[in-house]
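What follows is a single structure, written as structure tokens, with notes after it.
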Amino acid sequence: MKKTILSGIQTSGALHLGSYLGAIKNWVALANEYGCYYMLADLHAITVRQDPAALRETTLRQIAQYVACGLDPERNTLFVQSHVRAHAELAWVLGCYTMFGELSRMTQFKDKSAKNAENINAGLFTYPSLMAADILVYKADLVPVGDDQRQHLEITRDIAQRFNGIYGDTFVVPDAYIPKVGARIMSLQEPTAKMSKSDSSPGGCVYLTDSPDVIAKAFKRAVTDSEASVRYDAEAKPGVSNLIEIYSACTGKTAAETETEFSGRGYGDFKKAVGDAVTETFRPIREEAERILADRAYLESVYRTGAEKASAVADATVREVYEKVGFLAK
Ligand code: ATP
Ligand code: LTN
């Protein structure tokens, strides 16, 4: 029996270099060895205010991008979170086994509350109970994510263990799968902050949909330092180290090989090479995503089939959980 993977990305904006290198690249790499569920987290996306038409469009585009990245819908279950009711149902139950104090310690909650001071809603606070439900409802063994999701995986494990401790073995306690290279891509403009779609500085974030021209410009302007030496030192040289990490992740070369390749050469050369490596990584995906996006009937068949397959498994877990906690069977 193959082990199970679940992961997802919020449909709160466009996919970028961080979400590609930190998450999706590994989804593709692991797809053959595992039974995989890859989700579009639209329920999570509305913890921040979204424009309805834009949310729908982003969701569709993101499905096309999942497929274009190499996730074959015949072999992976690709689905939209809100299409599978069991997520919301289990999230409610798990919320009753998640502590206020635990949620208060989540750094993502603290960061997002600081960024959205006018909308610190209950969904933003209980976000991790829903994420735990996403994972536990499929009894997933492994969750490939970027480094920023480590804490959410820890709380998921705690919730699973707590529930199992009270009701007997129910959930699989999942492991995070965090890549060695690319787990934390930093902003090109502010290399001490994570690259993110909510990045406020233009050029800090590189999107999967960006043209080669836009990508080249973003790397040309990337913040570095005055030493003019391509050397990995995350503390002293965060900008250059981030570029080395990006180059390594896109080309498969190690940091040491990258240092040797660019030894004695200026930052101009290096930045151009990193931009080219990213462009070549993104080009086939971008072109394929555009082609798929034009075929709405195909996209519909992908997410409908995905939701059906996912619901069958997820509904069974909810039934099991409802029975264990003592809900009367209908
Ligand atoms: P937001 O800015 O709305 O919080 P985000 O840009 O951080 O979003 P998500 O959609 O939350 O991106 O993340 C999707 C996946 O990509 C997660 O697994 C996350 O850990 C990973 N990821 C996001 N940003 C990075 C990054 N800069 N480096 C590596 N992995 C990342
Ligand atoms: N919180 C994640 C998105 C997400 C997720 C999940 C990731 C929602 N549910 C379940 C892995 C497993 C993020 O991208 N910020």
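The values are calculated or read from the model by the stated rules, or taken from the named source; none is laboratory data. The structure displayed is predicted, hence computed values, not measured ones. Reconstructed Cβ throughout: ideal geometry from the backbone, glycine too, with neighbour counts over all protein chains shown. Side chains are part of the model used for accessible areas, which takes the heavy atoms of the whole protein and leaves out ligands, DNA and RNA. Shrake-Rupley method; radii C 1.70, N 1.55, O 1.52, S 1.80 Å.
Here are the numbers for this structure:
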| item | result |
| --- | --- |
| Degrees separating the helix 150-167 axis from the principal Cα axis of the chain, which is the longest one | 20 |
| Given charges at beta-carbon only (K, R positive; D, E negative), |dipole| of the chain in Debye | 320 |
| Fluctuation leader among Thr224, Thr107, Thr281 - the chain, Gaussian network, Cα springs under 10 angstrom | Thr107 |
| Using alpha-carbon coordinates, inclination of helix 86-95 to the longest axis of the chain, degrees | 80 |
| Convex hull volume per residue for the stretch 284-328, taking Cα atoms only, in Å³ | 92 |
| Of Ala41, Ala68, Ala29, the one that fluctuates the most in a GNM where the chain has Cα springs shorter than 10 Å | Ala29 |
| Degrees between helix 52-68 axis and first principal axis of the chain (Cα, 0 to 90, nearest 10) | 70 |
| Distance between modelled label sites at Lys2 and Glu320, nm, 7 Å Cα→Cβ extension | 1.9 |
| Proximal aspartates and glutamates to Lys2, defined as alpha-carbon separation beneath 14 angstrom and excluding residues fewer than eight positions away on the same chain | Glu33, Asp141 |
| Förster-model FRET efficiency, 30 Å R0, Thr209 and Arg85, C-beta, rounded to 0.05 | 0.45 |
| Stretchable slack from Arg304 to Thr170, in nm (0.36 nm times residue separation minus alpha-carbon distance) | 45.4 nm |
| Of the GluC sites (Glu not before Pro) in the stretch 192-257, those whose Cβ has at most 15 other Cβ within 10 Å and which sit in DSSP loop | Glu227, Glu235 |
| Proximal lysine pairs, the stretch 174-330, alpha carbons under 17 Å, eight or more residues apart or interchain | 11 |
| Accessible area per residue, Å², the chain with all protein chains present, probe 1.4 Å | 47 |
| Potential lengthening between Ala256 and Ser104 on full extension [0.36 nm per residue; Cα-Cα distance subtracted] | 50.7 nm |
| Semi-axis lengths, Å, the chain, gyration tensor of Cα atoms, sqrt of 5 times eigenvalues | 36, 22, 18 |
| The chain: most fluctuating residue of Asn116, Asn242, Asn76 per GNM, C-alpha cutoff 10 Å | Asn116 |
| Carbon and sulfur %, accessible surface of the chain computed with the full protein complex present, 1.4 Å | 52 |
| Calculated FRET efficiency for the pair Lys272/Glu190, C-beta based, R₀ 35 Å, to 0.05 | 0.95 |
